[in-house]
1. Starting from 0.36 nm per residue, how many nanometres of slack lie between Lys97 and Asp12 once their C-alpha separation is accounted for?
2. Who wins for biggest fluctuation among Val55, Val42, Val24 in a Gaussian network model of the chain, springs between alpha carbons below 10 Å?
3. Rounded, prolate or oblate: which fits the stretch 52-103, taking a ≥ b ≥ c as square roots of the Cα gyration tensor eigenvalues, rounded meaning a/c under 1.5, else prolate when a/b beats b/c?
4. Figure the gain on full extension for Ser90 and Lys30 (residue separation times 0.36 nm, minus the Cα-Cα span) and round it to one decimal in nm.
5. For the chain, find the longest principal axis of its Cα atoms and tell me its angle to the long axis of helix 74-96, 0 to 90°, nearest 10.
6. Out of the stretch 21-103, which trypsin sites (Lys or Arg not before Pro) are coil in DSSP terms and have no more than 15 other C-beta atoms within 10 Å?
7. Pick out, from Ala58, Phe72, Gln96, the residue whose Cα sits farthest towards the positive end of the charge dipole of the stretch 43-101, with +1 on the Cβ of Lys and Arg and -1 on the Cβ of Asp and Glu.
8. Taking the 0 to 90 degree range and rounding to the nearest ten, how far is the long axis of helix 19-30 tilted relative to the main principal axis of the chain, both from C-alpha atoms?
Amino acid sequence: MSGKIDFKKIPDALKSAPSFVVEVIWLIGKRAFWLTILLILVDLIIGGAVFYKYVFYAENDKSYLNNPPLQFDENSYQEILSQWEKRDESLNQFIQKNYPDPF
C-alpha cells in the first residue's frame, strides 16, 4: 500500500456507507467551528477537574499533619557505620596486597 489517498474514490465510498454515517460527516463538516469550540470547552473542564484534584485539593489536604514526625534511629545508624568500616577494611586489605605479575 503506497499510503496515498485517492480523493476521487471518496464520493463512491460515501455512497456505499450507511446514510447516518454520511449525515454525521456532513454535520461535523458544516459545524466545524462550533465543534472546535465545544471540544475546547470540554478540554478546559477536564483540565480544571484534574487541576483541582491534584493541585488545589492536595495543597489544602492537611491529613499528613496527623502523622508522627520521623525520628532519627541512632542504633541503626551506628550499625550501618560499623558495616561500612568493615567493608573499608577488607577493601584496603585487598588494595594493599601485592599480586605476582602473571605475564
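1. Values: separation 85, 0.36 × 85 = 30.60 nm, distance 8.58 nm.
My answer for the length gained is 22.0 nm.
2. It is Val24.
3. Values: a/c = 11.85, a/b = 2.73, b/c = 4.34.
It is oblate, given that a/c is not under 1.5 and a/b is not larger than b/c.
4. Between Ser90 and Lys30, full extension yields 13.6 nm more.
5. So the helix axis and the longest Cα principal axis differ by about 70 degrees.
6. Working: sites: Lys30, Arg31, Lys53, Lys62, Lys86, Arg87, Lys97; in loops: Arg31, Lys62, Lys97.
In loop regions of the stretch 21-103 (DSSP not H, G, I, E or B), the sparsely surrounded trypsin sites (Lys or Arg not before Pro) are Arg31, Lys62, Lys97.
7. Ala58
8. 80 degrees
We did not get these values from a lab; they are worked out from the coordinates using the rules stated. Here the structure is a predicted model, which means the values were calculated and not measured. For neighbour counting, all protein chains shown are included, and Cβ atoms are generated from backbone atoms with ideal geometry for every residue, glycine included.
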